[in-house]
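Participant: Sending over a structure as structure tokens; questions will come in a sec.
The values are calculated or read from the model by the stated rules, or taken from the named source; none is laboratory data. Since the structure is predicted, the reported quantities are computational estimates derived from the model, not experimental observations. Cβ: placed from backbone, ideal geometry, glycine included. Neighbour counts: every protein chain shown.
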Amino acid sequence: MTTVTMEVPTARSAAVAAARELAVPGVAGVATGLPEHHYRQRDLAELAHRFIGARKTIGSVERFFDRVGVTERYLALPAHEYAALSGLEQRNDAWIRASTSLGQRVIAKALAGVGLRAADIGLFVTTSVTGIAVPSIDARLMNLLPFAPSTKRMPLFGLGCLGGAAGLARTAEYLRAFPDQAALFLSVELCSLTFQPDDGSVANLISTGLFGDGAAAVVLVGPRHPLHREVGRPRVVASRSVFFPNTERVMGWDVVDSGFKIVLSADVPKIVSTHVPGAVDDFLAEHGLGRRDITSWIMHPGGPKVIDAMQESLGLSPADLQPTRDSLSKVGNLSSASVLFLLDEHSRRAHERGSYAVLMAMGPAFCAEIVLLQW
């Protein structure tokens, strides 16, 4: 006869569970920043019409702008200065100046918020898809802030809206290898500098009405760092990258003489509905979880139709994605920075210790990055 012994929770098993929880990197702090130039959506519709001119009526431009769920945005430059940007060189020079300034401000805010210095950072990760620089933005910021010369740098380009989730995941993976270190992840996106005034296409009008400018910085710490035990911020339990083959023309840029020209397919909501639920379920099942175990959904605001597709296909309630819709309305789609703005917003709420969150974004290729967080 075989005797089956049921394991009863004990103080020792609780201690083991707590140790496992502490064995993954954690978010020590998040800081966000917006440019100083603030505009209502209707004012930006009038500005876009002046650029595009006779190719579209003011009524048609306003309808495009009304449909994207945005009410106000912040721009890197004063609105009247965009008329003077004639090509890739001028747009990119403006991007370098503005992204360096905004990035410096957000980093200083993030470090001050957790009581660290730039010299305390072991890895500095940056992401952007709205401009290019060699030396990269992180190198330029190393000359403006007192980072240690030995700081490792990792600039990420080409990930688009996915970059916020992917950068968070890659930074956390580094801290698993260096558990006593702190790392800094910066996203700066100045989408307004990619506007193509001579392009009257639907894709250009939608992107011009949808995307905004902003930056976010996240300080993460390894499980042996002194800040790791502080409560109130999530820990990065795991992540998964999901690549959807043969979807290169769904989203991205065509790099042309006048700058970055948007590639944006109307199939994005359909792809989300078809592929995202299975990807999320497979990822959660790997960790013994299901959708019902997730208390917070930190989802990138790709646009109203994309948000609707995520809500319906994942069986979420309107309340689950209300922060996503609110963020879209107040600042627009900030590309890779958006999901970090939402991480900051969710982090300010009260969460039951041990509860789970899913952070997810999608971007060019077409692909997704899913991050499992635990409070």
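Participant: Kindly check whether there is at least one residue in the range 188-200 that is over 21 Å from residue 76 (Cα atoms), part of a helix (DSSP H, G or I) and modelled with pLDDT under 95.
Facilitator: no
Participant: Also: Of all residues in the range 156-207 being under 26 Å from residue 244 (Cβ atoms) and of a type in the set (S, T, N, Q), which is surrounded by the fewest Cβ atoms within 10 Å (Cβ to Cβ)?
Facilitator: 201
Participant: Here's another thing I want to ask about it. Take the residues of the range 131-153 that are in contact with a strand residue (DSSP E or B) (Cβ under 8 Å, 6 or more places away or on another chain) and assigned to a helix (DSSP H, G or I): which is farthest from residue 336 (Cα to Cα)?
Facilitator: Initial filter on the range 131-153 (in contact with a strand residue (DSSP E or B) (Cβ under 8 Å, 6 or more places away or on another chain)): 131-132, 136-139, 141-142, 147-148, 151-153.
Pick out the ones that are also assigned to a helix (DSSP H, G or I) and you get 137-139, 141-142.
Working: 137: 15, 138: 16, 139: 20, 141: 19, 142: 21 Å.
Applying the filter and picking the extreme gives 142.
Participant: On the given criteria, is residue 260 closer than 18 Å to residue 161 by Cβ, in contact (Cβ under 8 Å) with a residue 60 or more places away in the chain, over 18 Å from the mean Cα position of the chain (by Cα) and not in a helix (DSSP H, G or I)?
Facilitator: yes
Participant: Which one of 204, 246 is within 24 Å of residue 269 (Cβ to Cβ), in a strand (DSSP E or B) and more than 19 Å from the chain's Cα centre (by Cα)?
Facilitator: The conditions single out 246.
Yes or no, residue by residue, for (1) among the aliphatic types (A, V, I, L, M); (2) under 28 Å from residue 24 (Cα atoms):
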site	(1), (2)
127	no, yes
132	yes, no
148	yes, yes
154	yes, yes
189	no, no
194	no, no
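Participant: Residue 68 - would you say it is crowded, with 16+ Cβ neighbours inside 10 Å and not charged (D, E, K, R)?
Facilitator: On the way: crowded, with 16+ Cβ neighbours inside 10 Å: yes; not charged (D, E, K, R): yes.
In short, yes.
Participant: Which ones in the range 231-245 are modelled with pLDDT of 90 or more and not hydroxyl-bearing (Ser, Thr, Tyr)?
Facilitator: Answer for the range 231-245, where residues must be modelled with pLDDT of 90 or more and not hydroxyl-bearing (Ser, Thr, Tyr): 234, 235, 236, 237, 238, 240, 242, 243, 244, 245.
Participant: Out of curiosity, is residue 326 part of a helix (DSSP H, G or I) and under 19 Å from the mean Cα position of the chain (by Cα)? Reasoning before the result, please.
Facilitator: Working: part of a helix (DSSP H, G or I): yes; under 19 Å from the mean Cα position of the chain (by Cα): yes.
For residue 326, the condition - part of a helix (DSSP H, G or I) and under 19 Å from the mean Cα position of the chain (by Cα) - is met.
Participant: Still on this structure, I have one more. Can you name the condition, by its number, that residue 295 falls short on among (1) under 17 Å from residue 31 (Cα atoms); (2) among the β-branched types (Val, Ile, Thr); (3) assigned to a strand (DSSP E or B)?
Facilitator: (1)
Participant: With respect to the numbered conditions (1) part of a strand (DSSP E or B); (2) free of Cβ contacts under 8 Å to residues at least 40 places away in the same chain; (3) at negative phi, which one is the sole condition not fulfilled by residue 320?
Facilitator: Among (1) part of a strand (DSSP E or B); (2) free of Cβ contacts under 8 Å to residues at least 40 places away in the same chain; (3) at negative phi, the lone unmet condition for residue 320 is (1).
Participant: Just to be sure I understand, how many residues within the range 37-66 are among the basic types (Lys, Arg) and in contact (Cβ under 8 Å) with a residue 40 or more places away in the chain?
Facilitator: 2
Participant: Which of (1) within 16 Å of the chain's Cα centre (by Cα); (2) closer than 21 Å to residue 32 by Cβ does residue 141 not meet, given it meets every other one?
Facilitator: For residue 141, the failing item is (1).
Participant: Please indicate, with yes or no, whether at least one residue in the range 350-368 is assigned to a helix (DSSP H, G or I) and buried (at least 22 other Cβ atoms within 10 Å of the Cβ).
Facilitator: No, the range 350-368 contains no residue that is assigned to a helix (DSSP H, G or I) and buried (at least 22 other Cβ atoms within 10 Å of the Cβ).
Participant: Based on what the data block shows, is residue 371 part of a strand (DSSP E or B), surrounded by fewer than 20 Cβ atoms within 10 Å (Cβ to Cβ) and either at pLDDT 95 or above or more than 15 Å from the chain's Cα centre (by Cα) (or both)? Lay out the reasoning, then the answer.
Facilitator: Working: part of a strand (DSSP E or B): yes; surrounded by fewer than 20 Cβ atoms within 10 Å (Cβ to Cβ): no; either at pLDDT 95 or above or more than 15 Å from the chain's Cα centre (by Cα) (or both): yes.
No, not satisfied.
Participant: Regarding residue 102, is this residue part of a helix (DSSP H, G or I), in contact with a Lys or Arg (Cβ under 7 Å, 6 or more places away or on another chain) and buried (at least 22 other Cβ atoms within 10 Å of the Cβ)?
Facilitator: So residue 102 fails the test.
Participant: Also: Examine the range 342-362 for a residue that is closer than 22 Å to residue 70 by Cα, modelled with pLDDT of 95 or more and of a type in the set (Gly, Ala, Ser), and state whether such a residue exists.
Facilitator: Yes - at least one qualifying residue is present in the range 342-362.
Participant: Going by the conditions given, is residue 255 surrounded by fewer than 17 Cβ atoms within 10 Å (Cβ to Cβ), β-branched (Val, Ile, Thr) and either part of a strand (DSSP E or B) or in contact (Cβ under 8 Å) with a residue 12 or more places away in the chain (or both)?
Facilitator: yes
Participant: Within the range 263-292, can you find the residues that are polar (S, T, N, Q) and assigned to a helix (DSSP H, G or I)?
Facilitator: Passing the criteria: 273, 274.
Participant: Then there is this: Within the range 301-334, take every residue that is of a type outside the set (A, V, I, L, M), under 18 Å from residue 38 (Cβ atoms) and in contact with a helix residue (DSSP H, G or I) (Cβ under 7 Å, 6 or more places away or on another chain) and give me the one that is surrounded by the most Cβ atoms within 10 Å (Cβ to Cβ). Can you show your working first?
Facilitator: So the first thing to find is which residues in the range 301-334 are of a type outside the set (A, V, I, L, M), and the list is 301-305, 308, 311-313, 315, 317-318, 320, 322-327, 329-330, 332-333.
Subset that is under 18 Å from residue 38 (Cβ atoms): 326-327, 329-330, 332-333.
Imposing the further condition that a residue be in contact with a helix residue (DSSP H, G or I) (Cβ under 7 Å, 6 or more places away or on another chain) reduces the set to 327, 332-333.
Details: 327: 21, 332: 29, 333: 26.
Only one residue fits best here, namely 332.
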